[in-house]
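The values are calculated or read from the model by the stated rules, or taken from the named source; none is laboratory data. Computed from a predicted structure; not experimentally measured. Positions of Cβ are generated from backbone atoms using ideal geometry, with glycine treated the same way; all protein chains shown enter the neighbour counts.
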């Protein structure tokens, strides 16, 4: 991971959050998370989740909440995949 | 007999009339039934009775000047002109008898008495209407001699690079003048003088090049003699066969007859049967095809290990082997996701499909993207979210039923000229025009324009403006409540309505943001909302912003709120830049979706593809182009396959792009030329132009048009063959014998294309998708009954100002665009005579901004942004607002994208080309980047052609 790449991702997610800022906080966070889920590559999602877990200071409140939703979705997806393998 | 069949190769003399009322007439004893308003000449032609004519042609309104088409009508005195006389029930017409024959011979005799008798050496020999008519009427002598007053010594005008004007051959039929007015809408030509002194004149008695002529070729095509004649015909003679194909320039997708002599293109003639262009053309499609045989074409594959090494010419197999080994080694070392590909919006649907298929199969990831990323990706996003389909809603002809035309961030007369002409025709007929653009575009100068409004907003404030317009619509009760109730999702509508009616969106409150007077916004809103049919056309001035997607959704909101969706004359119409932007998006080029906009997370769709392709498809999106660049610089993305795109010139932040390209271990470029990107490449695969391949393009109105091969591929292979071979070398088998087989596969996997195949395309001429069981011949107007998502969804469109703002250091806003004669990065048009119109990119700035900086016309000026600096010559014009500067990006050495930044659309990463904060000052030398560019270019040309070039042993 490079700092430049991370900086870009932080800027991108904050911009996405700002553009969904007219919605109520929870709905906005859901929308941002859904957007990342649909349009960001796996490596980008991983990078922003790791940043949120390590510090996340530069994320706007909506962005921070969105990454939390994204992280939860990633865990659920992984658990689903693990269950499928075990089955 | 009832006649309706249309043969595009026949000239019916006068235009078709659309009427449900039919009229029966008898012509030379034959009963014919035609629509009311049809001319006698056309009715006769429909029955294969061909009345002699000179001033008439079916692309122009009847004029009635030549008198050659005189007929006799029972019960009428004299000999009325059949072109200007319309039929009525029971009319009895005689087109041939002794009196008429004598009259026509007399007319012809007068014409020929002032016409050079050089038929055998005339370039129109064999394709001259005057010659044909002389034969038809049986002219055998000219009694007047040739010693009287005449025009035979008139001087030729050779100023235009593509056609000559020889007044000595002119019969003053006015077809050229009328074509310039009616077809093109420029009004550059006129008949100067009276009586015998009448002559065709360009502008104010100027040379064609000095006049307002835009070289569309309509006058040349309309000319019945050799007066206006293509220089290629003068040089090479008349063609011996022709093939109908589709232009590879802008998103209008004009049909042309490529007229050939053997395998040489003699002339590109706009095809009357083309449903996008109806026989019209622009200077690019009509004349600028010489790049296909330019000496700069790369003719054999080349490889090298590093970009400072000479290129080695190799066989195709050696090139594939070299590329495949590198790609495999990179994936083995850096992982499956370390490579990707970029499809081209200039190549065919089949070729774009194959590249993304190669990425998803042979590469095994979703790292595929397309140049639509940097132009219309917000269109795909915004229209999908609101109306459920990533495409415009209408066909081009729809504009002819618009009463109010709103053009936002588009410059159709330059960027989509043939459609621009159609729009101008509708404006002349009385439609009102609303333009929202920082620049005073030429459409606002349309001759005979009835009513127009220019909302000259500040760059970057589109969303604030569209919100203000929508605010007026809602607060003044101008919504189409019945449409909203029946067709739109109530919950999303209520949320939007609550948002948009807030007072902060009122025109008065956003006036300081947009710079547009509140009264003008209110007037525009009322005009659009009250129109019987209101249409919106938009271009890159909407999409290439940090809020490009929001603006597209704002436009869709406005159209739905006013009920301007689902019928002819209305709609939301993105004007696509390149010839196949729509198609490359349709074909699954984006990293998050498969063909037909099927998201990769959609398990059902994925399974369908996996069965046909025999691989597992990643259910997560891949990297977009800017993400690829960032990852390359970070060292995790190491190889890129680029088909027919010049990202080093076209993408923003040139230094950043160059750094990314230099970071790659393997860059494979497939292109016609050593373009800017290829200078950083390790493998160069010579591609084929549109003249050298079979396939399809999809234009801005979703129209799938056939591209037909008219000459052998210069380097031996069509682009789809190259991708197929590369895939096979990588170990993923692809076996197609013809692009039609690729289209069959596309149709089998793409619900909106399921009814498309080459046989049907040949039968119908073209098809507007969706084409499937429900719509077997396609769909000209979308969303007539419902939306693909059921109900239309309103989106809340909060205005978020771009981070790219002016300050004391960068007090001006730069916006970029294109001009008529050049196309995109100029790789094609710079290699044609179109250079005479635009051989350098200039910086346009307002006289006030120039004066305070001491800048004069033609001064060299440095343009600095937070991204970089470049130097251009200044052009001082009030076409731009004070505080705004403008340039084009057609010449690589201009470095327009050295100064554009990494600011991009929040939803799609489409770059914000239209807003860059800059400072401008007089300078005396090129920028550092330009100096580096020049030396790098010299090195790369040397490595390509110079002493250091070595052939592989």
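Taken over region A:1-15, the criterion of being in a helix (DSSP H, G or I), facing chain B (nearest Cβ under 8 Å) and in contact (Cβ under 8 Å) with a residue 40 or more places away in the chain is satisfied by A:5 alone. Checked against (1) in contact with a strand residue (DSSP E or B) (Cβ under 7 Å, 6 or more places away or on another chain); (2) away from chain A (no Cβ under 14 Å), residue B:625 passes all but a single condition, namely (2). The residues of region A:21-51 that are facing chain B (nearest Cβ under 8 Å), outside any helix (DSSP H, G or I) and without any contact (Cβ under 8 Å) to a residue 40 or more places away in the chain, listed by number, are A:22, A:23, A:40, A:41. Is it true that residue B:557 is assigned to a helix (DSSP H, G or I) and either under 29 Å from residue B:435 (Cα atoms) or in contact with a strand residue (DSSP E or B) (Cβ under 8 Å, 6 or more places away or on another chain) (or both)? Yes.
Residues in region B:874-897 include at least one that is free of Cβ contacts under 8 Å to residues at least 40 places away in the same chain, out of contact with any strand residue (DSSP E or B) (no Cβ under 8 Å at 6 or more places or on another chain) and in a loop (DSSP other than H, G, I, E, B).
What's the total number of residues in region B:913-922 that are under 23 Å from residue B:854 (Cβ atoms) and surrounded by 17 or more Cβ atoms within 10 Å (Cβ to Cβ)? Even if it seems obvious, please write down each step before you answer.
We begin by selecting, within region B:913-922, every residue under 23 Å from residue B:854 (Cβ atoms); these are B:916-922.
Subsequent filtering for residues that are surrounded by 17 or more Cβ atoms within 10 Å (Cβ to Cβ) retains B:916-920.
Looking only at that region, the number is 5.
If you check B:39, B:113, B:59 for being free of Cβ contacts under 8 Å to residues at least 60 places away in the same chain and either under 37 Å from the mean Cα position of the chain (by Cα) or assigned by TED's automatic domain parsing to the domain that holds residue B:222 (or both), only one passes: B:39. Within region B:921-931, one or more residues are more than 14 Å from every other protein chain (Cβ to nearest Cβ), under 30 Å from residue B:377 (Cα atoms) and more than 31 Å from the chain's Cα centre (by Cα). Screening residue B:443 with (1) under 18 Å from residue B:559 (Cβ atoms); (2) in a helix (DSSP H, G or I); (3) in contact with a strand residue (DSSP E or B) (Cβ under 8 Å, 6 or more places away or on another chain) gives one miss only, at (1). Which one is surrounded by the fewest Cβ atoms within 10 Å (Cβ to Cβ) among residues in region B:628-644 that are farther than 21 Å from residue B:345 by Cα and within 13 Å of chain A (Cβ to nearest Cβ)? Out of the qualifying residues, it is B:635. Here residue B:494 clears all of (1) out of contact with any strand residue (DSSP E or B) (no Cβ under 7 Å at 6 or more places or on another chain); (2) touching a residue at least 40 places away in the same chain (Cβ under 8 Å) except the condition numbered (2). Taken together, the residues in region B:450-471 that are over 30 Å from residue B:812 (Cα atoms) and buried (at least 23 other Cβ atoms within 10 Å of the Cβ) amount to 0. For region B:363-390, filtered to residues that are within 30 Å of residue B:785 (Cβ to Cβ), more than 14 Å from every other protein chain (Cβ to nearest Cβ) and at pLDDT below 95, the residue that is surrounded by the most Cβ atoms within 10 Å (Cβ to Cβ) is B:376.
For region B:176-214, the tally of residues that are part of a loop (DSSP other than H, G, I, E, B), in contact with a strand residue (DSSP E or B) (Cβ under 8 Å, 6 or more places away or on another chain) and within 19 Å of residue B:56 (Cα to Cα) stands at 1.
The single residue among B:553, B:560 that is touching a helix residue (DSSP H, G or I) at 6+ places or on another chain (Cβ under 9 Å), buried (at least 24 other Cβ atoms within 10 Å of the Cβ) and within 14 Å of another protein chain (Cβ to nearest Cβ) turns out to be B:553. Give region B:577-602 a look and list any residue that's within 14 Å of chain A (Cβ to nearest Cβ) and touching a strand residue (DSSP E or B) at 6+ places or on another chain (Cβ under 7 Å), or say none. If the condition is that a residue be within 14 Å of chain A (Cβ to nearest Cβ) and touching a strand residue (DSSP E or B) at 6+ places or on another chain (Cβ under 7 Å), then B:590, B:591, B:592, B:593, B:599, B:600 are the ones that fit. Of all the criteria given as (1) at the interface with chain A (Cβ under 9 Å from one of its Cβ atoms); (2) closer than 29 Å to residue B:682 by Cα; (3) surrounded by fewer than 24 Cβ atoms within 10 Å (Cβ to Cβ), the one not satisfied by residue B:615 is (1).
Would it be correct to say that residue B:927 is in contact with a strand residue (DSSP E or B) (Cβ under 6 Å, 6 or more places away or on another chain) and outside the structural domain of residue B:369 (by TED's automatic domain parsing)? Spelling it out, residue B:927 is indeed in contact with a strand residue (DSSP E or B) (Cβ under 6 Å, 6 or more places away or on another chain) and outside the structural domain of residue B:369 (by TED's automatic domain parsing).
Just one of the numbered conditions (1) over 17 Å from the mean Cα position of the chain (by Cα); (2) surrounded by fewer than 21 Cβ atoms within 10 Å (Cβ to Cβ) is not true of residue B:819: (1). Only a single criterion out of (1) at pLDDT 95 or above; (2) more than 13 Å from every other protein chain (Cβ to nearest Cβ) is not satisfied by residue A:18, namely (2).
Condition first: closer than 23 Å to residue B:890 by Cβ and either in a strand (DSSP E or B) or at pLDDT 95 or above (or both). Now tell me which residues in region B:416-440 satisfy that.
Our first condition is that a residue be closer than 23 Å to residue B:890 by Cβ; within region B:416-440, this holds for B:416-421, B:437-440.
Scanning region B:416-440 gives B:416, B:417, B:418, B:419, B:420, B:421, B:437.
Looking across B:114, B:132, B:136, B:153, one residue alone is under 25 Å from residue B:57 (Cβ atoms) and outside any helix (DSSP H, G or I). It is B:114. Go through (1) within 18 Å of residue B:68 (Cα to Cα); (2) assigned to a helix (DSSP H, G or I) one by one and return the number of the condition residue B:120 breaks. Failed condition: (1).
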